[in-house]
Amino acid sequence: MKKDFIEGEIIGIDKPLGWTSFDAVKRLRGALHRKLHIKKFKVGHAGTLDPLATGVLIVCTGRATKRIEELQAGMKEYIADITLGSTTPSFDLETEIDAHYPYQHITEEMILRTLPDFTGKLMQVPPVFSAVKVDGKRAYSYARKGNEVTLKAKPLEIRELELLSFEPPLMRVRVLCSKGTYIRALARDLGEALGSGGHLTALRRTRVGDITVEKCLSLDSALQMIADAEIPETTETN
């Protein structure tokens, strides 16, 4: 299959668990360097996924990196597992549980009544364990040292929020949201709204704009695709 990575290709990757978005891009960039025999070559991603999340990671090569901002602006769909009755400082499994709360009073009907309060245009306070900048530094650099950080609420849109299952204390939801939405923060806020606590225990991004996870390649398949691709002859001599 012919590919022009310099003119620009958009590659959908199903990011594996435990990998940072940077790690995935670094592997692809290395494969492209070897394929094209070029030392400096632009490769970037449109929308970071946490290491503990899997799913759609859009990688752009060459001149297609100019489209990163456009691609990042697309609505994103997630499937999220939220464990009620406990919290962590990072709102997910990156840190240990720091508090327990009752959750036995929570019913499916109660959740269904609460979810509409978290749809539409909202203001959300990002997690302190995040890449939001505070005085020129990432918020997580303060949080990991135990320093207190105050973050301002930011506007976002949650277009759809659907309960997929509820087996106490675990609930699974589907979220369709705008750029800048922290599903970890949504887990925190939903837990509080239900008179308990909550933290994110699994996250899969299933869509970014028009690119769905079904259309994505595994990281190994993407690396093989690069190795097998036919490229323009002029590219190989650059």
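Which angle from 0 to 90°, rounded to the nearest 10, does the C-alpha axis of helix 219-228 make with the longest principal axis of the chain? The answer is roughly 10 degrees.
Starting with the fewest neighbours, write out 105, 199 ranked by other beta-carbon atoms found within 10 Å of each beta-carbon.
Sorted ascending by nearby Cβ count, the order is 105, 199.
Can you sort 204, 34 by how many other beta carbons sit within 10 Å, fewest first?
34, 204
If R0 is taken as 35 Å, the Cβ-Cβ distance between residue 100 and residue 22 corresponds to a FRET efficiency of 0.55. Tell me the angle of helix 183-193 to the major Cα principal axis of the chain, expressed in degrees between 0 and 90 and rounded to the nearest ten. It works out to around 10 degrees. Straight-line cross-link partners of residue 152 among the lysines, defined as a Cα under 22 Å from its Cα and at least 8 positions apart when in the same chain: 121, 133, 137, 179.
Ordering 91, 22 by the number of other Cβ atoms within 10 Å of each residue's own Cβ, fewest first, gives 22, 91.
For segment 179-238, the set of GluC sites (Glu not before Pro) satisfying both a DSSP loop assignment and a count of at most 11 other C-beta atoms within 10 Å is empty. What does a probe at residue 63 reach in segment 11-39, counting residues whose amide N is under 18 Å from the point 7 Å along Cα→Cβ? Of the residues in segment 11-39, 11 have backbone N under 18 Å from the label point off residue 63.
Per residue, the convex hull around the alpha carbon atoms of segment 14-151 comes to 163 Å³. One decimal place: the segment residue 48-residue 119 gains 23.3 nm when fully extended, by the rule 0.36 nm per residue minus the C-alpha distance.
The Cα-based radius of gyration and maximum Cα-Cα distance (Dmax) for segment 76-208 are 14.4, 44 Å. Computed from the coordinates I sent, Cα extents along the principal axes in Å equals one of (i) 66, 37, 29; (ii) 71, 39, 34; (iii) 71, 38, 30. Tell me the label. Answer by label: (i).
Read the figures in this text as sums done on the coordinates, not as results from a lab. Since the model is a prediction, treat every value here as computed from it, not as a measurement. Glycine also receives a Cβ, built like all others from the backbone with ideal geometry; neighbour counts cover every protein chain displayed.
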